[in-house]
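The values are calculated or read from the model by the stated rules, or taken from the named source; none is laboratory data. None of the values given here were measured: they were computed from a predicted structure. Note: ideal-geometry Cβ built from the backbone for every residue, glycine included; neighbour counts use all protein chains shown. We work out accessible area using only protein heavy atoms, side chains counted, and drop any ligands, DNA or RNA first. Shrake-Rupley method; radii C 1.70, N 1.55, O 1.52, S 1.80 Å.
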Amino acid sequence: MVMLDTSAAKIVDDAISEIDEASTQGTDGKWLEYLTARAAPHLKDWDVDKAWLWGDWGEREDRFPNTTNQDIGIDVVAKRRSDGELIAIQCKSRRLDAEGRGSDITKREADSFLSSSAGSIWAERWIVTNGDAKLSSNIEQTLSMSSKPLKLVNVRADLASQRQITQIAEDCAHRQPDVDDESGK
């Protein structure tokens with residue numbers, strides 16, 4: 001099990017607090033892009049070694065020579081920990097209701113991402129949202145005609161899961177000092 005150090009645990013806790021605060025407001029979602037890039041390497045289940053905002057990704061100009069740092073649909077680029085392959089990520093912030101649900105993600109909202117992330121450079125493509133939002137039926141239909149799958153990710157749920165795993169691991173008996181051990185180890 002990967003253990004979070006205290007700084008990583010703080011990043012997870014701070015990200016959850018930020019989501020909880022921002023999710024009740026109507027925002028442009030830039031905050032979610034920054035949060036995703038910052039938190040991605042600390043979420044064990046995401047298998048992300050590093051993540052960058054599109055404009056900050058150091059390989060962007062080499063891999064896509066005619067692009068600028070302007071958003072073209074891909075908000076965050078992540079590098080998988082397991083094999084170094086790349087993940088294209090689009091972030092969709094939603095105003096959430098009391099149950100943590102937000103409006104569906106429409107095809108119109110995702111079209112530029114679906115187009116720009118279709119290339120073979122991307123091992124995976126994700127849409128990250130701050131709560132429980134679904135893909136619209138039009139996106140589902142479009143994806144059924146594509147050979148490249150799309151993963152919908154609820155970052156709030158994944159952060160909460162990571163925090164719970166960390167808290168359980170910290171409470172395990174084998175992590176506590178042995179009071180019978182006179183050597184103090």
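Accessible surface of segment 12-56, 1.4 Å probe: 43 percent of it comes from carbon and sulfur atoms.
Distance between the pseudo-spin-label points of T68 and D13 (7 Å out from Cα toward the beta carbon): 4.2 nm.
If you count Lys pairs in the chain whose Cα atoms are under 14 Å apart, skipping same-chain pairs closer than 8 places in sequence, the total is 8. Rolling a 1.4 angstrom probe over the protein heavy atoms with all chains in place gives the chain an accessible area of 57 Å² per residue.
Beta-bridge orientation, the chain: approximately 40 percent antiparallel, per DSSP, counting only bridges with both partners inside. A crude spin-label estimate for the pair S82 and K151, with each label 7 Å from Cα along the Cβ direction, gives 0.8 nm. Between helix 107-116 and the chain there is an angle of about 90 degrees, using the helix long axis and the longest principal axis of the Cα atoms.
Compared with the dominant principal axis of the Cα atoms in the chain, helix 30-39 is inclined by about 40°. Taking every Cα-Cα distance in the chain and sorting them into 10 Å bins starting at zero, the pair-distance distribution P(r) comes out as 9, 34, 33, 15, 6, 3, 1 percent. Between T27 and E140, the C-beta separation translates, for a Förster distance of 30 Å, into a calculated FRET efficiency of about 0.70.
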